[in-house]
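K.L.:
Mind looking over this structure? Questions follow.
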Amino acid sequence: MIKKLTPLLISTITTALLFHGCSSSLVAYSNLKRENEIVKIKRVGVLPFVNESGKRGAGEIVANIFISVIFKSGIFAVEEKGNIERFLLNEKVKNVNVMDVEQIKRLGERLNIDAIFVGVVEEFSGSDKEDRSTTPIVGIRVRLIDIKTGKVVWMVRHKRRGEDYVTIFNFGRIRSISALTKKVVSEMINTIK
C-alpha cells in the first residue's frame, strides 16, 4: 500500500510546488477588439506614472520600464518621453490624473498619437541589491485611453511578489525590484496581444 502511495504522493507534491508560483493578481479588461472591428491604435504616448507607493522615484522607474517593454513588444509605435513631458509643462499639468478630455485630445493632435497610457504605482518595495532577506513587491495599474473618444480601451491591474515565481527547490525567486518590475510589466503588456 505504501509503495503505491509513494509515487502518487511525490507526483502530487511536485505538481503543487510547480504551480505554487502560478498564482497572480492579474486583472485585465480590453475593448481593443470590438465586434468585427479592431480599434485602430498605431501610435501611443505614456504619461508619467503616479506614485502611490511611498517609495521615492518609483513612478519614474516603472514608467521607464513600461516604455521600454511596450517599445520592444512592437505592438505600438511609442512617442518620445521628452515630447510628452514638454506638452505637460506647456499645458501646466501638475497631476496627470486630473487631465480632462480636451487636454488629452490636444495631446493627441499635437503629437499625432492615437492613445495614451496612464499608470499608477500602487506598491513598490525591495531593492536591486539582491538581498536574500527582502522579497520585492510590485503593484501597478494602467489604462489605455483612446484619444478620439476619451474612452478606456484597455486596463490592467497587476501585483506580484518575487516569491510568486518560485517553482521547485526554491528556484525562480526574483530578488531584484527591477527584474520583478520588468516581469510584471511584460505580463501586463501580454494581455494586449
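K.L.:
So Thr134 fits all but one of (1) closer than 23 Å to Glu163 by Cβ; (2) over 19 Å from the mean Cα position of the chain (by Cα); (3) surrounded by 18 or more Cβ atoms within 10 Å (Cβ to Cβ); (4) not aliphatic (A, V, I, L, M); what number is the exception?
P.N.:
For Thr134, the exception is condition (3).
K.L.:
While we're on this one: Collect the residues in region 118-131 that are crowded, with 21+ Cβ neighbours inside 10 Å and in contact (Cβ under 8 Å) with a residue 60 or more places away in the chain, keeping them in residue-number order. Write out each step before concluding.
P.N.:
Our first condition is that a residue be crowded, with 21+ Cβ neighbours inside 10 Å; within region 118-131, this holds for 118-119, 121, 124, 126.
Those that are crowded, with 21+ Cβ neighbours inside 10 Å and in contact (Cβ under 8 Å) with a residue 60 or more places away in the chain: Val118, Gly119, Val121, Phe124.
K.L.:
For region 146-184, name all the residues that are of a type in the set (Phe, Trp, Tyr) and either buried (at least 21 other Cβ atoms within 10 Å of the Cβ) or on the phi > 0 side of the Ramachandran plot (or both).
P.N.:
So in region 146-184, the residues of a type in the set (Phe, Trp, Tyr) come out as 154, 165, 169, 171.
Once the filter is applied, which keeps residues that are of a type in the set (Phe, Trp, Tyr) and either buried (at least 21 other Cβ atoms within 10 Å of the Cβ) or on the phi > 0 side of the Ramachandran plot (or both), region 146-184 yields Trp154, Phe169.
K.L.:
Let me ask another. List the residue pairs whose Cβ atoms are under 7 Å apart, where the first residue sits in region 173-193 and is over 13 Å from Glu163 (Cβ atoms) and of a type in the set (D, E, K, R), the second is assigned to a helix (DSSP H, G or I) and modelled with pLDDT of 90 or more, and the two are 6 or more positions apart or on different chains.
P.N.:
Lys182/Ile65; Lys182/Val69
K.L.:
Among the residues of region 14-56, which ones are modelled with pLDDT of 90 or more, loosely packed, with under 12 Cβ neighbours inside 10 Å and either within 26 Å of Leu111 (Cα to Cα) or in contact with a Cys (Cβ under 7 Å, 6 or more places away or on another chain) (or both)?
P.N.:
Residue satisfying the conditions is Lys42 alone.
K.L.:
Which one of Glu109, Glu187 is surrounded by 15 or more Cβ atoms within 10 Å (Cβ to Cβ), of a type in the set (D, E, K, R) and under 25 Å from Lys81 (Cβ atoms)? Let's see the steps before the verdict.
P.N.:
On the way: Glu109 fails: surrounded by 15 or more Cβ atoms within 10 Å (Cβ to Cβ).
Going through Glu109, Glu187 in turn, the sole match is Glu187.
The values are calculated or read from the model by the stated rules, or taken from the named source; none is laboratory data. Bear in mind that the values here come from a model prediction, so they are computed numbers and not experimental data. We place every Cβ from the backbone using ideal geometry, glycine too, and count neighbours over all the protein chains shown.
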